[in-house]
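K.L.:
Got a structure for you, written out below as structure tokens; questions coming shortly.
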Amino acid sequence: MVIEHLDQENLVRQRMAEEEKSRQRADKEGNKWTKVYFGSGAHFRNWLSQVIELKGKQHVMVEEADPRGFRCYEESGEKMYRIWVRENAVHRGESG
């Protein structure tokens, strides 16, 4: 039981380290994106609404993440997400 728990902790640490390495990416059009959030639930929804308000929906991309290694997500079936923001994105909404 203790070994299984340690193995699970090591797997979670490994997965979080992988997430930390993945901070930026480029798409096919050459746009650069920065990851600003990784997770789920109410916290994810809050981040998403704030980022959309600040940057504009057209500059925000949501990607479903692989929950492998996160037992609570694997067992519950809850999805995990990444929020990406296009670099140099300027919100051009109405000023009031």
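The values are calculated or read from the model by the stated rules, or taken from the named source; none is laboratory data. None of the values given here were measured: they were computed from a predicted structure. Counting neighbours? That spans all protein chains shown, and the Cβs are built from the backbone with ideal geometry, glycine included. The protein model used for the area step is the full one, side chains on, heavy atoms only, and it has no ligands, DNA or RNA in it. Shrake-Rupley method; radii C 1.70, N 1.55, O 1.52, S 1.80 Å.
K.L.:
So for the range 79-88 (the condition being open to solvent by 50 Å² or more (accessible area, probe 1.4 Å) and at pLDDT 95 or above), does at least one residue qualify?
P.N.:
The answer is yes, given that some residue of the range 79-88 is open to solvent by 50 Å² or more (accessible area, probe 1.4 Å) and at pLDDT 95 or above.
K.L.:
Still on this structure, I have one more. For ARG15, are the conditions met, namely being among the charged types (D, E, K, R), touching a residue at least 40 places away in the same chain (Cβ under 8 Å) and part of a loop (DSSP other than H, G, I, E, B)?
P.N.:
Against the criterion (among the charged types (D, E, K, R), touching a residue at least 40 places away in the same chain (Cβ under 8 Å) and part of a loop (DSSP other than H, G, I, E, B)), ARG15 does not qualify.
K.L.:
Quick one: count up the residues across the range 48-66 that are assigned to a helix (DSSP H, G or I) and open to solvent by 50 Å² or more (accessible area, probe 1.4 Å).
P.N.:
Residues meeting the conditions: 8.
K.L.:
Cβ-Cβ distance below 6 Å, separation of 6 or more or different chains: which pairs start in the range 31-47 with a residue that is at pLDDT 95 or above and in a strand (DSSP E or B) and end on one that is of a type in the set (Gly, Ala, Ser) and surrounded by fewer than 16 Cβ atoms within 10 Å (Cβ to Cβ)?
P.N.:
Correct list of pairs: LYS32/ALA26.
K.L.:
How many of the residues making up the range 19-41 are open to solvent by 70 Å² or more (accessible area, probe 1.4 Å) and either of a type in the set (Lys, Arg) or within 16 Å of MET80 (Cβ to Cβ) (or both)?
P.N.:
6
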